[in-house]
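Below you'll find the structure, written out as structure tokens, and then a few comments.
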Amino acid sequence: MDWLTEQIEAVKIPVGPWGAGLIDLMTTHFAVAFDLFSQGLEAVIDGLTDLMLWFPPLILIAIIAAVAYWLQRSWALVAGVVASLLFIVNQGYWEPALNTLALVGVATFLCMLLGVPVGIAAAHRPWLYTAIRPVLDLMQTLPPFVYLIPTVVLFGLGVVPGLISTVVFAIPAPIRLTYLGVSSTPKQLTEAAESFGATKSQLLWKVELPHALPTIMAGFTQAIMLSLSMVVIAAFVGAGGLGTYVVRGLQQLRPEMGIEAGLAIVILAVLLDRICKQPERKVSGQ
């Protein structure tokens with residue numbers, strides 16, 4: 001049996017060299033395009049961070065609290081938002097928290113921008129979902145450090161490889177949930193719309209998407225949570241933000257720093273989840 005194992009290992013399929021060769025090919029022929037793309041994304045994240053930093057912390061906290069009340073109509077949530085953000089200011093992590101918010105915001109926007117159309121297309125073409133489902137499984141199960149390697153080679157150290165790795169990790173959620181929401185539209189609704197002469201475009205915008213909106217919003221919140229879960233991993237390639245302090249706490253054996261930054265990440269996750277979730281509908285008569 002050992003001889004047979006040695007024979008199998010002797011004819012190794014060169015998957016690694018093939019991948020490395022593809023990356024070398026891309027860096028050789030598309031280096032300028034990757035540089036421009038990287039500079040563009042970095043400018044967007046830096047611009048969003050600078051915009052938030054332009055506001056004094058108390059003013060920005062008041063704006064976020066107002067948005068939370070406008071979306072959820074809950075004074076308890078407003079009180080929680082104000083207290084939680086003041087705690088982050090008190091701990092001295094306000095600027096890193098805004099860097100993290102910018103990274104998560106851009107990553108979530110890209111996930112929804114790309115994921116929702118793909119999910120809609122997959123819902124209308126079952127063969128497409130069958131084809132991309134193994135890819136989505138791979139993107140969610142492959143260790144993030146594996147696809148950090150090619151992104152660092154292509155884009156260098158900094159926030160961009162962290163952003164791209166975050167998008168790759170988080171985008172399956174909006175794709176799957178958009179597919180689920182659109183494909184689960186009751187046939188009675190679509191048949192009724194078609195009987196009144198609705199076109200495919202009207203059927204999508206006036207029937208399927210309104211029905212799928214709660215599921216799509218669940219994909220939105222999932223993308224936010226998954227993006228936040230990548231904050232620490234992205235910090236290993238220079239993404240900055242709160243993850244940097246968690247990594248420093250690990251490298252320098254400073255548990256107090258890791259605990260403070262980790263708690264700030266948890267606070268942001270909880271706040272974003274509460275602010276962005278679909279408000280519960282009140283049933284009349286109850």
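One table, with the values for the structure above:
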| item | result |
| --- | --- |
| Calculated FRET value between Q39 and S229, using beta carbons and R₀ = 25 Å, to 0.05 | 0.40 |
| At 0.692 mPa s and 37 °C, Stokes diffusion of region 166-286 via Kirkwood alpha-carbon radius, µm² per second | 191 µm²/s |
| Sparse-neighbour loop sites [chymotrypsin sites (Phe, Trp or Tyr not before Pro); region 167-251; at most 15 other C-beta within 10 Å; DSSP] | F196 |
| 3J(HN,Hα) from dihedral phi, region 251-259, Karplus parametrisation 6.51/-1.76/1.60, rounded to Hz, x for glycine, proline | 6, 9, 6, 10, x, 5, 5, x, 5 |
| Residue-count net charge about P56 - beta-carbon cut-off 15 Å; Lys, Arg +1, Asp, Glu -1 | -2 |
| Label point distance in nm, S201-T130, each placed 7 Å from Cα along Cα→Cβ | 3.1 nm |
| Computed helical MRE - 222 nm, the chain, DSSP H runs ≥ 4 contributing -39500 (n - 2.57), nearest 500 | -27000 deg cm²/dmol |
| Solvent-accessible area per residue for region 132-286 (1.4 angstrom probe, square angstrom) | 53 Å² |
| Stretch gain in nm, segment W18-A79, where the contour uses 0.36 nm per residue and the Cα spacing is subtracted | 16.5 nm |
| Share of carbon and sulfur in the accessible heavy-atom surface of the chain [1.4 Å probe, %] | 68 percent |
| Relative contact order for region 150-286, counting Cα pairs under 8 Å that sit 6 or more residues apart, in percent | 28 percent |
| K187/L113 FRET efficiency (R0 25 Å; Cβ-Cβ; nearest 0.05) | 0.25 |
| Cα-centre dipole for the chain with unit charges at Cβ (Lys and Arg positive, Asp and Glu negative), debye to 20 | 1000 debye |
| For the chain: Kirkwood Rh in Å [reciprocal of mean 1/r, alpha carbons] | 21.6 Å |
| Table column - 3J(HN,Hα) (Hz), region 68-75, Karplus curve with 6.51, -1.76, 1.60, x for Gly and Pro | 4, 5, 4, 7, 10, 6, 9, 6 |
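The values are calculated or read from the model by the stated rules, or taken from the named source; none is laboratory data. If you're wondering where the values come from, they're calculated on a predicted model, not measured in any experiment. FYI the Cβ positions are ideal-geometry reconstructions off the backbone, even for glycines, and counts take in every protein chain you see. Heads up: the accessible areas ignore ligands, DNA and RNA and are worked out on the full protein's heavy atoms, side chains in. Shrake-Rupley method; radii C 1.70, N 1.55, O 1.52, S 1.80 Å.
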